Amino acid sequence: MSVLAPTQIDDILAQVKKKAFEETANEPEPKLTGEVKWPVTAEIGRGLENAVTNETKVGYVNGAKGWLNYRGYDVFNLSQFSTFEETSYALLFGAMPTAQQLKEFNEKLAANRKIPAKIIEIMKMYPITETHPMISLSIGVSLLSTFDRTTETLTVEAETEVAIKLIAQMATLAAAVARIRSGKEPIEPDKDLSHAANFLYMLNGKKPDKGAERVMDICLVLHADHGMNASTFATMVTNSTLSDMYSSIVTGIGTLKGPLHGGANEQVVYQLEEIGNLDNVEPWYRASREAKKKVMGFGHRVYKSYDPRARILGPLVDIFTADPEIKRLYDIANKLNELVCAELGKEKKIFPNVDFYSGLVYKAMGIEIPMFSVIFAVSRISGWGGRVLEYLKDNRLFRPRAVYTGPMLAEYVPIEKR
Ligand code: CMC
């Protein structure tokens, strides 16, 4: 695997940003911004479509334009100029750090990377190869909680400490899961490497070059937060009961795993492999439309335009196309993208989402397919943490209602007479 120098990657990002802003400048202005007066009146669709859960300053998804921001900074700029560590700081603490704050935060993350050896021992005791890595990750996070007394008193300060530890340790857990699954010994974190470089080092056993480190860092930045998505909401629901940060993150991991959410990145690569060659793209697509199947990696509840993360990740795959296998899948992906955008884009505003190209980037970096949604979680922990902490400051239990459509006052019939 050889990738471009970081400066060439920056050029790609600058071009993508320019194109995105030019193309979407005239799209309608965003909704759901500014002050809220509770109670809010909204037309709520199935699956809580359009429901408003809370006020936030963490981040915003502009679905009409296809823009995404964290703490006011758009992701085009963050992926070009920031790092996962700096972005995570902003998500947790509300603003970009000063140089000194970032130095201290980086040191704290690096110092917290190690996980207890007992957790590795336990991971070797259950059938980890037959267990989805997201389940192993949630087992790992639950086990971490057993070694940590911090959340016995649930305060914003204590939860903040846990969020920082988890940002550091989820990468270590994830890499350990990947290595044990493939029969290799986990690798101890290296505190002198950046978060992205250390993650790749713990996964692959060798220190990455600057280009690969940069690509992984961009992936982590791009997945760190995304509005009130299903896993973020689930995480916040758990924490709103005043449970604890570890339990809340376990909820988030379980929710992210599903193929309609973070698990789609795995399904996309299986789908491209199933299509197999360029000539089969159109027949495969027609057959899937006929069967009313969803094309994985397309569509979004909020974006009715091109997902900005797909805009960035697409050209990043191009960097790896010296590898014939990646080139083959990338060509298939691009042709499928053209077909879907031309048809479903026009008819239903269905465009590629973050998961359409992310899997190809990870595959190109030598990561196994079942690990893709784990990488999503290794990044999303920052957004989960930031939003949970924000909500905890003025917590109110989440408790919606369902419309009951069953019978009332049914007569109880003894079992022998039913
Ligand atoms: N392929 C074909 N048709 C689609 C797709 C798709 N990927 N997505 C939505 N549609 C159609 C759907 O069939 C329905 O058509 P109709 O109105 O004729 O019945 C219409 O669009 C609305 O679909 P929906 O499922 O009600 O939309 P939603 O807002 O509930 O779903 C979604 C959003 C992401 C679950 C859905 O687009 C989907 O299942 N996509 C495929 C899975 C995927 O790529 N998920 C990753 C999401 S982005 C990353 C993340 O946040 O985790």
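Read the figures in this text as sums done on the coordinates, not as results from a lab. No experiment lies behind these values; they were computed from the predicted model shown. Reconstructed Cβ throughout: ideal geometry from the backbone, glycine too, with neighbour counts over all protein chains shown.
Remarks
- Shape category assigned to the range 158-311 from the gyration tensor of Cα positions, a/c cut at 1.5: oblate
- In order along the range 413-418, the Karplus-derived 3J(HN,Hα) couplings, from 6.51 cos²θ - 1.76 cosθ + 1.60 at θ = phi - 60°, round to 9, x, 4, 6, 9, 7 Hz, and Gly and Pro are given as x.
- Fewest-first ordering of E22, E159 by other beta carbons within 10 Å of each residue's beta carbon gives E22, E159.
- Exceedance of the 32 Å cut-off in Cα-Cα distance is limited, within the set K18/K57; K17/K207; K294/K393; K165/K292; K65/K206; K37/K304, to K294/K393; K165/K292; K65/K206.
- Cα shape, the chain, gyration tensor, a/c 1.5 rule: rounded
- Per residue, the average separation of C-alpha pairs within less than 8 Å and at least 6 apart gives the range 194-335 a relative contact order of 17 percent.
- Under the criterion of Cα pairs below 8 Å and six or more residues apart, the relative contact order for the chain equals 22 percent.
- Of V269, V40, V403, the residue with the greatest mean-square motion in the GNM of the chain, using alpha carbon springs below 10 Å, is V403.
- Residue among I139, I167, I253 with the largest mean-square fluctuation in a Gaussian network model of the chain, springs linking Cα atoms under 10 Å: I139
- Computed about its Cα centre, the charge dipole of the range 11-74 is approximately 140 debye, with only Lys, Arg, Asp and Glu carrying charge at their Cβ.
- Neighbour-limited loop hits for chymotrypsin sites (Phe, Trp or Tyr not before Pro), the range 309-418 (at most 14 other Cβ within 10 Å; DSSP other than H, G, I, E, B): Y404, Y412
- Here K363 is the anchor, and the aspartates and glutamates within straight C-alpha reach of less than 14 Å, apart from those fewer than 8 places off in the same chain, are E266, E273, D318, D323, E325, D355.
- Here the range 265-363 is assigned +1 on the Cβ of each Lys and Arg and -1 on the Cβ of each Asp and Glu. Its dipole about the Cα centre then comes out at about 560 debye.
- For the chain, built as a Gaussian network whose Cα springs stay under 10 Å, the top-fluctuating residue of L48, L92, L344: L48
- Rounded if a/c under 1.5, otherwise prolate or oblate - the range 7-164, Cα gyration tensor axes: prolate
- Options P116, P315, T53, ranked by Cα towards positive dipole end of the chain, top entry (Cβ charges): T53
- Rounded to the nearest 500, the 222 nm mean residue ellipticity of the chain from helices alone is -17000 deg cm²/dmol, with -39,500 (n - 2.57) taken per DSSP H run of at least 4 residues.
- Alpha-carbon radius of gyration plus Dmax, which is the widest Cα pair, for the range 265-363 in Å: 12.5, 35
- The 3J(HN,Hα) values that the Karplus relation (6.51, -1.76, 1.60; θ = phi - 60°) gives for the range 259-272 are, in residue order, x, 7, 10, x, x, 5, 5, 5, 4, 4, 5, 4, 5, 5 Hz. Gly and Pro appear as x.
- Counting DSSP beta bridges with both ends in the chain, the antiparallel % (nearest 5): 90 percent
- Its convex hull of Cα atoms gives the range 150-232 a direction-averaged projected area, equal to a quarter of the hull surface, of 7.3 nm².
- With the convex hull of its Cα atoms as the shape, the range 285-342 has an orientation-averaged projected area of 4.6 nm².
- Whole-Å distance, taken between Cα centres, linking the range 297-324 and the range 146-177: 31 Å
- Only the Cβ atoms of Lys and Arg (+1) and of Asp and Glu (-1) were treated as charged; on that basis the dipole of the chain about its Cα centre amounts to roughly 660 debye.
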